[in-house]
1. For a test of the definition: using alpha carbon positions, the gyration tensor, and the 1.5 limit on a/c, classify the stretch 1-109 as rounded, prolate or oblate.
2. Select from 322, 353, 180 the residue whose mean-square fluctuation is largest in a Gaussian network model of the chain (Cα-Cα springs shorter than 10 Å).
3. Can you give me the Cα centroid spacing of the stretch 18-52 and the stretch 175-252 in angstrom?
4. Which FRET efficiency value, to the nearest 0.05, is calculated for residue 182 and residue 202 with the Förster distance at 22 angstrom and r the Cβ-Cβ distance?
5. Between residue 317 and residue 85, how many nm apart are label points set 7 Å from Cα along the C-beta direction?
6. If neighbour count is taken as other Cβ atoms inside 10 Å, put 152, 44 in order from fewest to most.
7. Indicate the gyration tensor shape class of the stretch 140-219 (rounded, prolate or oblate), computed on the Cα atoms with a ≥ b ≥ c the square roots of the eigenvalues: a/c under 1.5 is rounded; otherwise a/b larger than b/c is prolate and the rest oblate.
8. Determine the calculated [θ] at 222 nm for the chain from helices alone, applying -39500 (n - 2.57) to every DSSP H run no shorter than 4 residues and normalising by the residue count; nearest 500 deg cm²/dmol.
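Read-outs: derived from the displayed coordinates by stated rules, not from any lab. Remember, it's a predicted structure, so these values are computed and weren't measured experimentally. In this analysis, Cβ positions are derived from the backbone assuming ideal geometry, glycine residues included, and neighbour counts consider all displayed protein chains.
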Ligand code: GDP
Ligand code: IMO
Ligand code: MG
């Protein structure tokens with residue numbers, strides 16, 4: 001068997017959580033391969049809304065196994081909160097959740113470093129989620145990281161060494177925090193995690209594949225936030241692309257099957273950084289209001305704009321997308337005209353590639369205008385109900401992007417999902 005991968009093609013928040021939940025019944029296991037609690041994946045069903053940060057979005061279906069892979073960075077305190085909330089709702093988490101002992105741990109001092117780094121950058125700040133993601137991945141790559149497996153046998157020396165190193169960096173930045181309480185809570189939370197089934201996830205996952213089991217890999221963030229290919233330096237600190245699933249789970253490239261690329265019918269971004277099709281006008285505000293475009297966890301306002309096909313084509317190329325999933329189509333139900341950016345004009349020249357420097361002040365998006373469908377689609381059950389203008393919009397996108405759109409989402413609920421024949 002092969003693994004399928006579902007990942008975001010824009011700047012995150014495309015609706016990955018919803019679709020992973022919807023697709024999980026097709027699989028035996030779901031695995032997160034990168035990112036950490038910077039993610040906020042929302043699921044809605046039976047009139048209730050859930051937000052997941054580190055736990056895979058397959059967790060609400062039946063008995064599928066959910067795996068937190070080695071590429072993830074885990075904050076024990078936030079994990080404990082998330083897990084205990086699920087347990088309180090009646091889920092027998094320990095039966096279905098497995099955690100790689102190779103995950104890197106986010107320390108309280110990583111979060112403090114994240115904040116101090118942002119403060120030091122001043123106006124050039126990234127606008128991170130403040131969860132310690134950058135400092136934790138930095139430690140991993142510089143070979144100073146602390147892995148969950150290091151904590152299994154009660155030896156705190158690796159933790160203490162990392163903590164002391166962080167405190168001296170913070171001191172050099174003028175910060176002298178008292179971490180006594182944070183540390184006590186963190187150490188308790190580590191004990192809590194250690195009550196879960198820790199696995200060598202690369203053996204576990206390849207073992208499942210060898211037994212003929214199917215696995216869905218769940219991306220976090222989005223391609224335009226990838227540390228190599230995103231709008232650097234305004235990116236996250238991991239590889240959010242399909243190749244990230246290989247490194248983040250120990251799955252070989254020839255074991256990848258379908259790659260589901262998920263995008264919104266428009267575009268959003270949260271935090272700083274370029275966004276060529278951003279709308280600063282009433283239309284942008286209308287998208288934000290109708291799409292409830294506020295961060296799933298932080299509540300931060302998301303910046304909104306038209307769909308950017310230059311960026312989407314780039315993302316499709318890098319990920320090897322085989323199927324597209326379009327989200328939040330319903331948000332555009334009341335727009336008389338929809339716009340799609342098909343090229344960038346940079347210094348008077350038209351380009352259709354994503355440039356090295358994405359500089360909003362030099363990029364003028366070239367738009368194609370399409371008629372809106374002016375129809376409430378939120379109660380639709382099948383594709384045959386789509387108004388002609390919406391079907392034409394899908395056709396236009398498929399022709400531009402060269403990949404079929406196989407699922408269309410018309411609302412936040414599980415049920416509001418149309419699988420195209
Ligand atoms: P993720 O990080 O990719 O999982 O996405 P988020 O959960 O951060 O943000 C997506 C938001 O859109 C959530 O509030 C979802 O409940 C909501 N959502 C998902 N699909 C749809 C849809 O088709 N229509 C509408 N109106 N909302 C949707
Ligand atoms: P999901 O999985 C949207 C953004 C932050 C910031 C940049 C770096 O829910 O789609 P970080 O804390 O990772 O160092 O922040 O990346 N960012 C996200 N934006 N959705 C996310 O996750 C994000 N995770 C990080 O806003 O601009
Ligand atoms: Mg999100």
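1. On the way: a/c = 1.26, a/b = 1.14, b/c = 1.11.
Rounded, because the longest to shortest axis ratio a/c is under 1.5.
2. Among 322, 353, 180, the largest GNM mean-square fluctuation belongs to 180.
3. Taking the Cα centre of each part, the stretch 18-52 and the stretch 175-252 sit 15 Å apart.
4. Numbers: r = 32 Å, r/R0 = 1.45.
Here the calculated transfer efficiency is 0.10.
5. 3.9 nm
6. Numbers: 152 12, 44 17.
Ranking 152, 44 by Cβ neighbours within 10 Å, fewest first, gives 152, 44.
7. Details: a/c = 2.85, a/b = 2.15, b/c = 1.32.
Because a/c hits 1.5 or more and a/b exceeds b/c, the stretch 140-219 counts as prolate.
8. Numbers: 12 runs with 130 residues, N = 421.
Theoretical 222 nm ellipticity from helices: -9500 deg cm²/dmol.
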